[in-house]
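Here's the structure we're looking at; comments come further down.
The values are calculated or read from the model by the stated rules, or taken from the named source; none is laboratory data. The model shown is predicted, which means the values in this text are computed figures rather than measured ones. FYI the Cβ positions are ideal-geometry reconstructions off the backbone, even for glycines, and counts take in every protein chain you see. Areas reflect the complete protein model, heavy atoms only, side chains present, ligands, DNA and RNA absent. Shrake-Rupley method; radii C 1.70, N 1.55, O 1.52, S 1.80 Å.
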Amino acid sequence: PPPPPAARAHTHTQTTTQAEMTNLTLPMPCSAILLVLMSIIGRHCALAFVLPTPASSASSRATSSALVRARASQHHPTTSRFSTSTDEEAASTLADPATAGVTANNQTVCDCLYIEKSEYGDGTRPENALLLGLDNFRRQGGSILQEALASVGITGKDYVDPDLMPPNCLGLTLDSEAVREAERRREARAGEKVEANPVSRVLYDVGCYFLDELFEDRPIARFWFLETIARIPYFSYVSMLHMYESFGWWREPELRKVHNAQEYNELHHLLIMEALGGNARFRDRFLGYHVAIAYYWAINVLFLASPAAAYEFMELLESHAVDTYSVFFNENKERLKTLPPPKVARSYYKAANLYLFDDFQVSKKPKTRRPPCDNLYDVFKNISEDEAEHVRTMKACKDYSRVGDIVVSPHLGITDDVDEEEKRRAWIEWSEMLNSGAEEDF
C-alpha cells in the first residue's frame, strides 16, 4: 500500500534536502562522501523512528512479535504479562494444543519462535564489491545505531526487548566447566586425544579460554561464532588444492569433493544458529567475520608449509565442538525436546537428496545414516554427530598427507542398488502396459 501522507511529506522533504545539498560548492569527493553518509543515517532513522508504518506490515510485525513474546512468556514465567488483545490472542493460541498448527500471516506459530532471515543478512545477488560493501555497511550500521540507542533507553515503535527474542527467550544454558571436564575425559580415553604440535595446542587452549570468557551464559551466540570459524578451513583447503592443481604440482579431485561436502554441512550448522538468533549482536558478528578472514589466510599459509598440520588443527577444533555440543544437548535435554526444529534443519536433515550429507562422512557408507529431526534436541544431537564425522575425516586427511592413504568420496565406486531396482521395476511396468495394450488391439 502507498505510504500515509505524513510519510510522503517526509520523503519529499528528505528528497528536497538531498537535492539542495548537491548544489553546495564542496569538492566532489567530499560531496559524495557526505551524501552517502547522510543517506545511510537519514534512511535508517526515518525507517526506525520517524515514518509511520503501513497498517498491513505493522499488523504482521505486531502479530509475529506477539507470538514470540507469548512463547517467551511460557518459557519464562517471570516475564511480564502483556495487555494488548493481540498478545492475549497469541498467548491463548500457543497455550491451546488444538490450535497449535494454526497460521498467522502465512507463518506457523512454532516458526514465529525462530528467525527466518535477519535484516543484516546476506545481499540479494552478487554485485560490485563496493556496492555490496556499502549495502552491508548500511545494514550493519543500522543495527549498531539501534543497539546503541536501546542501551540508553531510546527505542522505536517496533522495538522488541532482546530477552523476548531468540536466543534469550529460549532459556538454554551451557556449563563451560562441564565442557572442559568432557574434554579431559575424552583425552584420557585411549586413541581419542588429538596429538598436536605444541604451537597448535597453545593456540587452541588460548582460543578456548576466550570463547569461555566472551560467550559466558550465551551458548547459541557461542555456537554461531564456532560455526562461522568452522567453515573457513574447508575454504582454505579447497583454495590450496586448486592452486596445487593449477600449478601442475598435484591433483586429487576426490579430496576437494569431500571438503566441499564438509563446508556445505558446516554452512547448515551456521544457518541453524542464525535461525536461533546466534548472530543477533553486532559485536559478535564483527568479531566472527574478522576472525574468520584472519583464520582463512593463516590456514592457507599453514597448508602451504604442512597440510598435515592444517588438518591436525582442524581436528582439534572439531573435537572441541563434539564435546561442547554433547554437553549442551544433555544439559538442556528436557528443554530442547519441547522446542520445534527450525525450518532449515528440517530441510537439511530430511531432504529428498542427501548426497552431500553422505559425502562428507568418509567412515560410513552412503544412506546408512538418516537421523531424526523432530525437535531441537534432535537437531543438536545431529550436529554433534556431524562434528564427530568431521573429526574422523580430518584424521583420515592428516594420515593421507603423511603416508598417502587415499581419501575419497564415500560414493566413489558405489552402485545405487535401490535406484537400479526402481528403474527395473518401472521398466517392467511399462513393458506390461505396452503388452496389455497390444493384446486389446488384437
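Just give me the residues in the stretch 214-234 being within 19 Å of N265 (Cα to Cα) and not aromatic (F, W, Y), in sequence order. Walk me through how you get there before you give the answer.
Of the residues in the stretch 214-234, the ones within 19 Å of N265 (Cα to Cα) are 220-234.
Listed by number, the residues that qualify are I220, A221, R222, L226, E227, T228, I229, A230, R231, I232, P233.
So R251 clears everything in (1) of a type outside the set (A, V, I, L, M, F, W, C); (2) in a helix (DSSP H, G or I); (3) open to solvent by 50 Å² or more (accessible area, probe 1.4 Å) except one condition, right? Which one?
(2)
Show the residue pairs meeting these rules: Cβ distance below 7 Å; 6+ apart or different chains; first residue within the stretch 113-126 and surrounded by 15 or more Cβ atoms within 10 Å (Cβ to Cβ); second residue at pLDDT below 75 and not in a loop (DSSP other than H, G, I, E, B).
Short answer, once both residue conditions are applied: L113/V68; L113/R71.
Within the stretch 219-228, is even one residue open to solvent by 20 Å² or more (accessible area, probe 1.4 Å) and of a type outside the set (A, V, I, L, M, F, W, C)?
Looking only at the stretch 219-228, we keep the residues that are open to solvent by 20 Å² or more (accessible area, probe 1.4 Å), and these are 225-226.
Still in the list and also of a type outside the set (A, V, I, L, M, F, W, C): none.
Within the stretch 219-228, none of the residues are open to solvent by 20 Å² or more (accessible area, probe 1.4 Å) and of a type outside the set (A, V, I, L, M, F, W, C).
Find the residue count for the stretch 363-400, including only residues that are outside any helix (DSSP H, G or I) and without any contact (Cβ under 8 Å) to a residue 40 or more places away in the chain. Break it down stepwise before answering.
Residues of the stretch 363-400 outside any helix (DSSP H, G or I): 363-375.
Then keep just the ones that are without any contact (Cβ under 8 Å) to a residue 40 or more places away in the chain; that gives 363, 368-375.
Going through the stretch 363-400 one residue at a time, the tally reaches 9.
Return the pair list, or none, for Cβ contacts closer than 7 Å from residues in the stretch 228-257 that are on the phi < 0 side of the Ramachandran plot to residues that are assigned to a helix (DSSP H, G or I) and among the β-branched types (V, I, T), at least 6 apart or on different chains.
Close Cβ pairs satisfying both conditions: I229/V291; I232/I299; P233/I299; S236/I299; R256/V238.
With respect to V238, determine if the residue is closer than 27 Å to D386 by Cβ, open to solvent by less than 60 Å² (accessible area, probe 1.4 Å), among the β-branched types (V, I, T) and over 25 Å from the mean Cα position of the chain (by Cα). Outline the logic, then answer.
Values: closer than 27 Å to D386 by Cβ: yes; open to solvent by less than 60 Å² (accessible area, probe 1.4 Å): yes; among the β-branched types (V, I, T): yes; over 25 Å from the mean Cα position of the chain (by Cα): no.
No; evaluated as a whole, the condition is false for this residue.
Which residues, taken from the stretch 216-250, are aromatic (F, W, Y), under 19 Å from S326 (Cα atoms) and out of contact with any Ser or Thr (no Cβ under 9 Å at 6 or more places or on another chain)?
Across the stretch 216-250, the qualifying residues are W224, F225.
Quick check on the stretch 203-225. Is at least one of its residues free of Cβ contacts under 8 Å to residues at least 40 places away in the same chain, among the β-branched types (V, I, T), part of a helix (DSSP H, G or I) and under 21 Å from M314 (Cα atoms)?
yes
Looking only at the stretch 154-206, count how many residues are of a type in the set (F, W, Y) and open to solvent by 60 Å² or more (accessible area, probe 1.4 Å).
1
Could you pull out the residue among A351, A388 that is of a type outside the set (D, E) and either more than 25 Å from V238 (Cβ to Cβ) or at pLDDT below 90 (or both)?
Of the residues listed, the single one that is of a type outside the set (D, E) and either more than 25 Å from V238 (Cβ to Cβ) or at pLDDT below 90 (or both) is A351.
Of the residues that sit in the stretch 282-341 and are outside any helix (DSSP H, G or I) and in contact with a helix residue (DSSP H, G or I) (Cβ under 7 Å, 6 or more places away or on another chain), which one is surrounded by the most Cβ atoms within 10 Å (Cβ to Cβ)? I'd like the intermediate steps shown before the answer.
Quick first cut of the stretch 282-341, residues outside any helix (DSSP H, G or I) only: 306, 332, 338-341.
Subsequent filtering for residues that are in contact with a helix residue (DSSP H, G or I) (Cβ under 7 Å, 6 or more places away or on another chain) retains 339-341.
On the way: L339: 22, P340: 18, P341: 26.
Here the answer is P341.
Applying the selection to the stretch 345-361, what residues are touching a residue at least 24 places away in the same chain (Cβ under 8 Å) and either open to solvent by 50 Å² or more (accessible area, probe 1.4 Å) or closer than 20 Å to L276 by Cα (or both)?
A345, R346, Y348, Y349, Y355, L356
Of everything in the stretch 401-421, what is in contact with a Phe, Trp or Tyr (Cβ under 9 Å, 6 or more places away or on another chain) and either assigned to a helix (DSSP H, G or I) or at pLDDT 85 or above (or both)? Give them in sequence order.
Result: S401, single match.
Please state which of the following conditions G278 fails to meet, knowing it meets all the rest: (1) open to solvent by less than 10 Å² (accessible area, probe 1.4 Å); (2) in a helix (DSSP H, G or I); (3) in contact (Cβ under 8 Å) with a residue 40 or more places away in the chain.
(2)
Any residue that is at pLDDT 90 or above and in contact with a Leu (Cβ under 6 Å, 6 or more places away or on another chain) - is there at least one of those in the stretch 152-172?
yes
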